[in-house]
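Colleague: Got a structure for you, questions after.
The values are calculated or read from the model by the stated rules, or taken from the named source; none is laboratory data. This one's a predicted model, so the numbers in the text were calculated from it and none came from an experiment. Using ideal geometry, Cβ is built from the backbone for each residue, glycine included, and neighbour counts are taken over all protein chains shown. Ligands, DNA and RNA are excluded from the accessible area calculation, which covers all protein heavy atoms including side chains. Shrake-Rupley method; radii C 1.70, N 1.55, O 1.52, S 1.80 Å.
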Amino acid sequence: MQVERMCLGPLEACCYLVYDGDKNAVVLDPGEEPGRVAGRLEELGLGLQAILLTHGHFDHVGGVNRLADRFAVPVYAGAGEEGLLAAPVSLFPGLRAADERPIGWERLLEEGERLTFGALEFEVLATPGHTPGGVCYRCGEALFTGDTLFAAGVGRTDLPGGDGAALERSLEKLAALEGGLTVYPGHGPATTLERERRGNPYLRG
């Protein structure tokens, strides 16, 4: 499995291209610049199979519709994100969502579901708190956490739909995961779950 990060848009949201040895690919959270994402897929000769969303905030979904239309692939998100996907507008003054049309989705995912694309298998972890239906995805030893968990930080809960108590429970779930997991967050650099368990005050609690 190969993972490539692209930082997109003014908030530099992390979009990930994940692909196997047969060039089957999945894109996670294409928030902006769909043309740039499409160009990279084509440059690498990848066959896009699906788009996975960790949550529905505008900076993570603004490029979804154009990318899904271009490659005719399904879009998956967590159950509970319907409201955000229906209206992915900017939450911050002075910033405009790249595409404010409702996000078309194939299916909303529940805890424990598994999605397979070629040699890639993604396990769905329901992690509400930053948003009502936020999810993380585990694929092998990779953990894609969106805005639930960052290097030395966690997602904010003061935006509409945020829930601090729910986020605490979600972080406890992530902290209990076994394996040498590499964490790929929705903003900022990659980290490891072990490093966050040792040094992130939100996980140590």
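Residue-by-condition table, conditions (1) of a type in the set (D, E, K, R); (2) in contact with a strand residue (DSSP E or B) (Cβ under 7 Å, 6 or more places away or on another chain):
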residue	(1), (2)
L115	no, yes
E141	yes, yes
T148	no, yes
G155	no, no
G161	no, no
L171	no, yes
G186	no, yes
L193	no, yes
G199	no, no
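Colleague: So which of F144, F117 ends up being within 29 Å of G47 (Cβ to Cβ) and open to solvent by 10 Å² or more (accessible area, probe 1.4 Å)?
Modeller: Of F144, F117, the one residue that is within 29 Å of G47 (Cβ to Cβ) and open to solvent by 10 Å² or more (accessible area, probe 1.4 Å) is F117.
Colleague: Whether any residue in segment 57-79 is within 14 Å of the chain's Cα centre (by Cα) and without any contact (Cβ under 8 Å) to a residue 24 or more places away in the chain is what I want to check.
Modeller: Looking through segment 57-79, none of the residues is within 14 Å of the chain's Cα centre (by Cα) and without any contact (Cβ under 8 Å) to a residue 24 or more places away in the chain.
Okay, residues lined up against (1) touching a strand residue (DSSP E or B) at 6+ places or on another chain (Cβ under 6 Å); (2) modelled with pLDDT under 95; (3) open to solvent by 10 Å² or more (accessible area, probe 1.4 Å):
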site: G39; (1), (2), (3): no, no, yes
site: E43; (1), (2), (3): no, no, yes
site: L48; (1), (2), (3): yes, no, yes
site: L67; (1), (2), (3): no, no, no
site: A72; (1), (2), (3): no, no, yes
site: E81; (1), (2), (3): no, no, no
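Colleague: Same structure again: Check P93 against each of (1) more than 15 Å from F144 (Cα to Cα); (2) at pLDDT 95 or above; (3) surrounded by fewer than 19 Cβ atoms within 10 Å (Cβ to Cβ) and name the one condition it does not meet.
Modeller: Unmet for P93, out of (1) more than 15 Å from F144 (Cα to Cα); (2) at pLDDT 95 or above; (3) surrounded by fewer than 19 Cβ atoms within 10 Å (Cβ to Cβ): (2).
Colleague: Only one of these conditions is not met by T157: (1) in a loop (DSSP other than H, G, I, E, B); (2) on the phi < 0 side of the Ramachandran plot; (3) within 15 Å of the chain's Cα centre (by Cα). Which number is it?
Modeller: (3)
Colleague: Tell me, yes or no, whether segment 12-19 has at least one residue that is assigned to a loop (DSSP other than H, G, I, E, B), among the hydroxyl-bearing types (S, T, Y) and under 15 Å from the mean Cα position of the chain (by Cα).
Modeller: No, every residue in segment 12-19 fails to be assigned to a loop (DSSP other than H, G, I, E, B), among the hydroxyl-bearing types (S, T, Y) and under 15 Å from the mean Cα position of the chain (by Cα).
Colleague: Sticking with this one: For segment 39-54, does any single residue satisfy the condition of being assigned to a loop (DSSP other than H, G, I, E, B), within 12 Å of G186 (Cβ to Cβ) and touching a Gly at 6+ places or on another chain (Cβ under 8 Å)?
Modeller: Taking segment 39-54 and keeping what is assigned to a loop (DSSP other than H, G, I, E, B), we get 45-46, 53-54.
Among the residues that remain, those that are also within 12 Å of G186 (Cβ to Cβ) are: 53-54.
Retained after the next criterion (residues that are touching a Gly at 6+ places or on another chain (Cβ under 8 Å)): 53-54.
There is at least one residue in segment 39-54 that is assigned to a loop (DSSP other than H, G, I, E, B), within 12 Å of G186 (Cβ to Cβ) and touching a Gly at 6+ places or on another chain (Cβ under 8 Å).
Colleague: Output the number of residues of segment 96-107 satisfying the condition of being at pLDDT 85 or above and either touching a helix residue (DSSP H, G or I) at 6+ places or on another chain (Cβ under 7 Å) or part of a loop (DSSP other than H, G, I, E, B) (or both).
Modeller: Matching residues across segment 96-107 total 6.
Colleague: Identify all residues within segment 147-160 that are open to solvent by 40 Å² or more (accessible area, probe 1.4 Å), within 17 Å of G133 (Cβ to Cβ) and of a type outside the set (K, R); write none if there are none.
Modeller: Passing the criteria: T157, P160.
Colleague: Would you confirm whether or not segment 177-189 contains a residue that is part of a helix (DSSP H, G or I) and open to solvent by less than 10 Å² (accessible area, probe 1.4 Å)? Walk me through how you get there before you give the answer.
Modeller: Within segment 177-189, the subset part of a helix (DSSP H, G or I) is none.
No, segment 177-189 contains no residue that is part of a helix (DSSP H, G or I) and open to solvent by less than 10 Å² (accessible area, probe 1.4 Å).
Colleague: Is it the case that T131 is among the polar types (S, T, N, Q), open to solvent by less than 40 Å² (accessible area, probe 1.4 Å), under 20 Å from V61 (Cβ atoms) and not in a helix (DSSP H, G or I)?
Modeller: yes
Colleague: Can you pull out every residue in segment 18-34 that is over 20 Å from V183 (Cβ atoms) and either without any contact (Cβ under 8 Å) to a residue 24 or more places away in the chain or of a type in the set (D, E, K, R) (or both)? Walk me through it before giving the result.
Modeller: Of segment 18-34, the ones over 20 Å from V183 (Cβ atoms) are 20-25, 32-34.
Of everything in segment 18-34, those that are over 20 Å from V183 (Cβ atoms) and either without any contact (Cβ under 8 Å) to a residue 24 or more places away in the chain or of a type in the set (D, E, K, R) (or both) turn out to be D20, D22, K23, E32, E33.
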